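A.B. asks: Quick one: structure below, then a few questions.
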Amino acid sequence: MSVVIENIGQLVTFDPAEPERPIRTGAALVIEEGRVAWVGDAAEAPAADTRIDAAGAAVIPGFVDSHSHLVFAGDRVDEFEARMAGRAYTAGGIRTTVAATRDATDDELRARLHHLVVQARAQGTTTLEIKSGYGLTVVDEQRALRLAHELTDETTYLGAHVVPTEYTDDRTAYVDLVCGDMLEACAPLARWIDVFIDAGAFTVDEARRILLAGRDAGLGLRVHAGQLAADGGVALAVELGAESVDHATFLTDDDIDALAASARDGDGTVATLLPLVEFSTKQPYPDARRLLDAGVAVALATDCNPGSNFSSSMPLAVALAVRELGMTPLEALAAATRGGARALRRTDAGHLGVGARGDAVILDAGDHRHLAYRPGVPIVRHVLVAGALVGGRAGTFDPWPG
C-alpha cells in the first residue's frame, strides 16, 4: 500500500542525506509499506494507491517525545496551585503519585495511559518514550513497564526516581534493590535505564552505581540532571556515555564544554530540554542558545507527568523554546523531531528522508513557523504513523507502533 501527500505548501524533511536543505517547496511525499519511498518535485511524483491533499498546508516529521512519565494514577493539581501561589518546586511530591499508583488497578492505569497517548498523538507525537518510576517496588515497576510496552518500544526503567517512604531510613537498601531484583525484573521490558539526580532524589555516586548496573544488564543510559542546580549529573552522563541528559537547566561552563565535545565525537550525549517543566514550576528556563552556539546536540521533550508538568503538547514545547529558550522556529522544530530521535538513537524517526518511517504531521498552516506563532491552538490537522492516518482531526487510535 502506498500513499502520496500532494499539494504541500512547505515540506520540512530534515533529511540527513540533505542537511543543507531541510525545507522544500513545490514538493510531494510518497510513503510505501510504512516507509518514506520518495521525496521530490510534485510534478514528478510517482503514482500511489492513495492520495492525500494537504491543501497548501505545511508537512513536518512527527514529533519525537523522548521524555515522558505516563503510567500513573491521580493528579497533583493542589501542588500546582500552591506553586502558582509561590511555593517552590521540590521532588518530594513524587511520593504522592507513588501512593496513588500503587493503589490503582492495571485496568485503571491502562485506561489513563491510553487516554494520555491519544492526546499526545493528536498533537503530532508519533514516537514516544515512557518511563516507569511511580511504583518503586519490584512488582509495581515491572507492571508500569509492562503497560508502557503495550504502546511503545521506547520504555525506560526509572526505579531510581526517588527513595520511597518505606526506605527513608535505609537508602542503601533501596539502591541495592534498584540495582538487583528490581533491575532483573524490569530489564526485559525496558530499553533504557534512568536516574533522577537531585537533592531530593539520588546523589551522583548512587546514580553512577545504578547506571552501571543498568548498562551491564544491556540497557541504554538516560539521566535526569541539572533541573534545580548544577549537581554534577551532566558530567556523569557524559563520562558514562549516556545517550541523553534531561532537564539540563543549570549548567556549568565545564558541563557545556563536555556536552559539546561529546557531540563532536559522534552521537554523544544529547541535552534534552523540557521547557514545559519550567512553565509549570516557575523555574528559570534553560539557555538553548548557549548550548547550540557551543555545538551541543539538543532535543526538546515534554516530560509529561502529574507533578512538574501535566502537558503532552510538543507544539507548546516548540513555542516555549522559541519564546523563552532563544531558539529559532526551525531549530526548535528540529530539536522536537530529529533531536528527540537522536536522543533515542532512532534513525528511522524525526525526519522524512527516504527510508524513514512514514510519520508525518499535516499542520493547519502553510508554514512550520506557525507552531511558535500560534501557541495554544489545535494546529495539527492530520497525523500519519507509518503512512496511516491515526490522529489529529482525522483517524482513530490504534496500538502504538513503536
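A.B. asks: In the stretch 91-116, how many residues are of a type in the set (S, T, N, Q), over 22 Å from the mean Cα position of the chain (by Cα) and surrounded by 12 or more Cβ atoms within 10 Å (Cβ to Cβ)?
C.D. replies: 1
A.B. asks: Being open to solvent by less than 60 Å² (accessible area, probe 1.4 Å), at pLDDT 90 or above and either over 15 Å from Thr337 (Cβ atoms) or not in a strand (DSSP E or B) (or both) is the filter here, so list the residues in the stretch 378-402 that pass it.
C.D. replies: Ile379, Arg381, His382, Ala386, Gly387, Ala388
A.B. asks: Restricting attention to the stretch 146-176, report how many residues are of a type outside the set (Val, Ile, Thr), open to solvent by 20 Å² or more (accessible area, probe 1.4 Å) and either in contact (Cβ under 8 Å) with a residue 60 or more places away in the chain or not in a loop (DSSP other than H, G, I, E, B) (or both).
C.D. replies: 9
A.B. asks: With the checklist (1) open to solvent by 10 Å² or more (accessible area, probe 1.4 Å); (2) at pLDDT below 95 in hand, flag the one item Gln119 doesn't pass.
C.D. replies: (2)
A.B. asks: Sort out for me the helices (runs of 4 or more DSSP H) sitting completely within the stretch 314-377 that have 3 or more residues that are touching a Gly at 6+ places or on another chain (Cβ under 8 Å) and of a type in the set (S, T, N, Q).
C.D. replies: Where helices (runs of 4 or more DSSP H) fall fully within the stretch 314-377, none carries at least 3 residues being touching a Gly at 6+ places or on another chain (Cβ under 8 Å) and of a type in the set (S, T, N, Q).
A.B. asks: On to the next question. Looking at the stretch 214-223 only, could you name the residues that are part of a helix (DSSP H, G or I) and either β-branched (Val, Ile, Thr) or crowded, with 18+ Cβ neighbours inside 10 Å (or both)?
C.D. replies: Result: Gly214, single match.
A.B. asks: Does Ala88 qualify as being in contact with a helix residue (DSSP H, G or I) (Cβ under 9 Å, 6 or more places away or on another chain) and surrounded by fewer than 19 Cβ atoms within 10 Å (Cβ to Cβ)?
C.D. replies: yes
A.B. asks: Ok, one more. Of everything in the stretch 256-290, what is open to solvent by 20 Å² or more (accessible area, probe 1.4 Å) and out of contact with any Ser or Thr (no Cβ under 9 Å at 6 or more places or on another chain)? Give them in sequence order.
C.D. replies: The answer is Asp257, Ala261, Arg264, Asp265, Gly266, Asp267, Lys282, Arg289, Arg290.
A.B. asks: So is Asp65 open to solvent by 10 Å² or more (accessible area, probe 1.4 Å) and acidic (Asp, Glu) or not?
C.D. replies: Answer is no for this residue.
A.B. asks: So, in the stretch 190-206, of the ones that are among the hydrophobic types (A, V, I, L, M, F, W, C) and assigned to a loop (DSSP other than H, G, I, E, B), which residue ends up nearest to Gln142 (Cα to Cα)?
C.D. replies: Only one residue tops the list, namely Ala190.
A.B. asks: Let me ask something else. Which numbered condition trips up Phe72, out of (1) of a type in the set (Phe, Trp, Tyr); (2) open to solvent by 10 Å² or more (accessible area, probe 1.4 Å); (3) in contact with a Phe, Trp or Tyr (Cβ under 8 Å, 6 or more places away or on another chain)?
C.D. replies: With (1) of a type in the set (Phe, Trp, Tyr); (2) open to solvent by 10 Å² or more (accessible area, probe 1.4 Å); (3) in contact with a Phe, Trp or Tyr (Cβ under 8 Å, 6 or more places away or on another chain) applied to Phe72, the lone miss is (2).
A.B. asks: Out of Ser308, Ser313, I need the residue that is open to solvent by less than 10 Å² (accessible area, probe 1.4 Å), among the hydroxyl-bearing types (Ser, Thr, Tyr) and closer than 30 Å to Thr96 by Cα. Which one?
C.D. replies: The unique qualifying residue is Ser308.
A.B. asks: I need a count of the residues in the stretch 141-199 that are under 14 Å from Leu221 (Cα atoms), of a type in the set (S, T, N, Q) and touching a helix residue (DSSP H, G or I) at 6+ places or on another chain (Cβ under 8 Å).
C.D. replies: Residues that pass the stated criteria total 1.
A.B. asks: Considering only the stretch 177-194, state which residues are out of contact with any Lys or Arg (no Cβ under 8 Å at 6 or more places or on another chain) and surrounded by 15 or more Cβ atoms within 10 Å (Cβ to Cβ).
C.D. replies: Answer for the stretch 177-194, where residues must be out of contact with any Lys or Arg (no Cβ under 8 Å at 6 or more places or on another chain) and surrounded by 15 or more Cβ atoms within 10 Å (Cβ to Cβ): Leu177, Val178, Met182, Leu183, Ala185, Cys186, Ala187, Ala190, Arg191.
A.B. asks: On the given criteria, is Asp140 closer than 30 Å to Asp176 by Cβ, part of a helix (DSSP H, G or I) and open to solvent by 10 Å² or more (accessible area, probe 1.4 Å)?
C.D. replies: Yes; evaluated as a whole, the condition is true for this residue.
The values are calculated or read from the model by the stated rules, or taken from the named source; none is laboratory data. Quick caveat: nothing in here was measured; it's all calculated off a predicted structure. Glycine also receives a Cβ, built like all others from the backbone with ideal geometry; neighbour counts cover every protein chain displayed. Just the protein is used for accessible areas: all its heavy atoms, side chains included, with ligands, DNA and RNA removed. Shrake-Rupley method; radii C 1.70, N 1.55, O 1.52, S 1.80 Å.
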